[in-house]
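Okay, so here's the structure we're looking at.
What follows draws every value from the coordinates through simple rules; no lab data is involved. Note that the structure is predicted; figures quoted are calculated from it, not measured. All Cβ positions, even for glycine, are placed from backbone atoms using ideal geometry, and neighbour counts span all protein chains on display.
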Amino acid sequence: MVARIRSYFLVYFISVFAAITGLLFGYDTGVISGAILFIRKDFHLTSMMTGMTVSAVLLGAFLGSAISGKMTDEIGRRKALVIVSIIFVIGTFLTAIAPNDIVLIFGRTILGMAIGIGSFTAPLYLAEIAPPHIRGFLVSLNQLAITLGIILAYVIDYFFAAHGDWRWMLGFGVLPALILFAGTYFLPESPRWMVLKGMLDEAKENLKHIRATEDVTRELTEIQQSVQEKRGTWRMLFSKKLRPIMYISLGLAFFQQVTGINTIIYYAPMILQQAGFSEATTAILATLAIGIFNVVFTVIALPLIDRWGRRPLLLMGLGGMFISLVAQSIGFYFPELVYLRWLTVGSMIFYIACFAMSLGPIMWLVISEIFPLQIRGVGISVAISCCWAFNMLVAMTLLTLIDAISISGTFWLYAVLCVLGVLFVYFLVPETKGCSLEQIEKNLRAGRAPRELGLALGKNKTLSGLPIIQPDIEDVVTE
Ligand code: BGC
């Protein structure tokens with residue numbers, strides 16, 4: 001009993017530290033929303049340069065997540081987290097002391113690299129350390145940490161807004177980075193990675209320590225078996241048989257971003273100013289409320305994802321996001337009407353709630369569920385990199401779009417993309433609720449249609465009654 005409690009305590013301790021990476025992800029992407037109001041004035045930024053200052057983090061994150069699969073395999077998960085924390089410290093420092101916009105953009109790119117590597121490594125490390133029955137919860141903890149990081153950023157923005165201290169806003173991020181750095185000293189290396197590197201004795205000792213028991217033979221054997229399988233490569237990902245999985249994960253990453261979430265997370269105060277809240281502190285305060293709703297609805301969503309399922313939440317969430325985008329668009333069209341300003345803030349909050357209960361956590365969850373084991377690392381890395389690329393696309397184009405088709409028109413565009421998202425989810429995304437990862441993999445091997453990957457049906461049955469597409473696949477990842 002004592003050993004079990006000790007083991008749980010250790011796993012939660014490890015998870016909380018690893019999730020600080022998520023917190024930094026949220027902090028460093030969110031903090032810019034308030035800081036940019038003052039940076040813009042200090043450095044006389046054009047719309048283009050403003051977009052670049054916000055998006056440099058995303059470029060770095062794209063590069064970071066693209067190299068992270070290989071890097072974590074080479075040097076290990078723990079060392080990768082140590083490096084992540086060091087890069088966070090260097091990047092934060094650079095941005096806080098930046099004498100001009102070029103150094104600032106360079107520093108933000110470095111920070112982004114840390115976010116990108118971290119956004120891959122932390123969930124992977126959590127999934128490898130966690131006992132299977134609490135794995136889903138622990139992986140979702142990462143999304144919760146992201147939202148908490150965003151709100152911390154908004155609080156800090158609000159705090160320093162009175163004097164326009166954007167350097168302190170950016171610099172504060174060094175604190176969680178140092179905590180992460182100190183924490184990595186206590187983090188054990190992932191036993192799965194040690195087995196991968198042939199360090200069997202060390203892996204066994206580590207596993208005994210994490211599980212607080214001497215009896216780890218079964219788990220170790222399972223790890224050895226999974227590691228012995230042929231490892232997947234990038235080329236396999238784009239093989240015909242794995243293409244549906246790629247479509248689903250890239251589609252989810254695409255819709256998570258192009259429906260406009262980060263126009264609110266990164267630019268809310270600026271958008272609110274355009275909607276009529278001219279005081280910077282009032283705009284940041286309203287943004288703070290948005291951040292609080294993001295956290296609250298993420299917490300509400302966590303148990304519902306396994307109870308209601310992924311698809312209903314995604315469909316309802318996207319529907320709600322559509323309605324609120326249309327409402328915001330109307331509000332922005334008449335900035336002089338005071339009562340419509342409140343419609344704008346209200347619908348922004350509704351939008352955040354809908355996102356937090358759907359695309360927010362579910363994108364990360366589903367991409368970690370649907371890839372076959374052999375290809376999971378590379379697959380997730382590609383999906384996450386694309387997510388960052390789409391994120392960058394939206395952040396970089398927002399201001400130019402606003403200049404071209406007005407803020408109201410821009411939100412209409414995101415609303416239309418929500419409708420396409422509904423169609424995408426309805427026709428392609430599988431319901432993976434309660435389905436084991438092995439069953440999902442079996443369905444894929446049996447050639448079931450994308451939407452049916454999460455179903456535990458009889459061998460030759462499909463939901464639609466249509467025949468199974470490729471019944472003779474022996475191994476989906478070896479062409
Ligand atoms: C998304 C981020 C977003 C955050 C908001 C995450 O799932 O990937 O782009 O800023 O949610 O909570």
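Compactness ratio of the chain: Cα Rg over 2.2 N^0.38 Å, N = residue count?
Relative to the 2.2 N^0.38 Å estimate, the chain comes out at 0.98.
Amide H of S190: which non-local residues (sequence gap of 5 or more, or other chain) have their own amide H closer than 5 Å, using H built in the peptide plane?
The list, which skips near neighbours in sequence, is R77, R78.
Hey, which of these cross-link pairs are over 31 Å Cα-Cα: K41/K79; K70/K241; K204/K240; K208/K240; K79/K240; K240/K433? Can you show the working numbers first?
Working: K41/K79 40 Å; K70/K241 23 Å; K204/K240 38 Å; K208/K240 41 Å; K79/K240 35 Å; K240/K433 26 Å.
In this structure, K41/K79; K204/K240; K208/K240; K79/K240 lie more than 31 Å apart at Cα.
Compute log10 of I(q)/I(0) for the range 246-327 with the Debye formula, placing one identical point scatterer on every Cα and leaving out solvent, at q = 0.22, 0.23 Å⁻¹, to two decimals.
For the requested q values the scattering log ratios are -1.18, -1.23.
Treating the angle as unsigned and between 0 and 90°, give the value, to the nearest 10°, between the Cα long axis of helix 338-356 and the longest Cα principal axis of the chain.
Roughly 10 degrees between the two axes.
For the range 191-296, what is the relative contact order in percent, using Cα pairs closer than 8 Å and at least 6 residues apart in sequence?
Computed value for the range 191-296: 13 percent relative contact order.
If you find the alpha carbon centre of the range 239-254 and of the range 350-402, how far apart are they in angstrom?
With the range 239-254 and the range 350-402 each reduced to a Cα centre, they are spaced 12 Å.
Compute the angle between helix 280-307 and the longest alpha-carbon principal axis of the chain, please, reported from 0 to 90 degrees and rounded to the nearest 10.
Once rounded, one gets 20 degrees.
So what does the Cα-only Debye profile of the range 29-72 read at q = 0.15, 0.22, 0.31 Å⁻¹, as log10 I(q)/I(0), no solvent term?
Reported log10 I(q)/I(0), two decimals: -0.46, -0.72, -1.06.
So if I take the alpha carbon set of the range 57-188, get Rg, then get Rh from the Kirkwood formula, what is the Rg over Rh ratio?
1.00
What residue among G447, I265, A130 has its Cα farthest toward the positive end of the dipole of the chain, where the charges are +1 on Lys, Arg and -1 on Asp, Glu, each on the Cβ?
Of G447, I265, A130, it is G447.
Determine the relative contact order of the chain: mean sequence separation of Cα pairs under 8 Å and six or more apart, normalised by residue count, in whole percent.
Averaging sequence separation for qualifying contacts and normalising by length gives 20 percent for the chain.
Can you order the peptides 345-355, 234-244, 118-128 by their average number of other Cβ atoms within 10 Å per residue, highest first?
The packing order, highest mean first, is 118-128, 345-355, 234-244.
Compute the Rg to Rh ratio over the range 152-304 from the alpha carbon atoms, using the Kirkwood formula for Rh, and round to two decimal places. If you can, show how the numbers build up before the last one.
Working: Rg = 23.3 Å, Rh = 20.7 Å.
Answer for the range 152-304: 1.13.
For helix 101-129, report the angle its Cα long axis makes with the longest principal axis of the Cα atoms of the chain; keep it between 0 and 90° and round to the nearest 10°.
Roughly 30 degrees, rounded to the nearest 10.
Below 8 Å between Cα atoms, with a sequence gap of 6+, how large is the relative contact order for the range 20-114 in percent? Can you show the working numbers first?
On the way: 82 pairs, mean separation 34.8, N = 95.
Relative contact order of the range 20-114: 37 percent.
Could you give the dipole magnitude of the chain about its Cα centre, charging the beta-carbon of Lys and Arg +1 and that of Asp and Glu -1, in debye to the nearest 20?
In debye, rounded to 20, the chain gives about 760.
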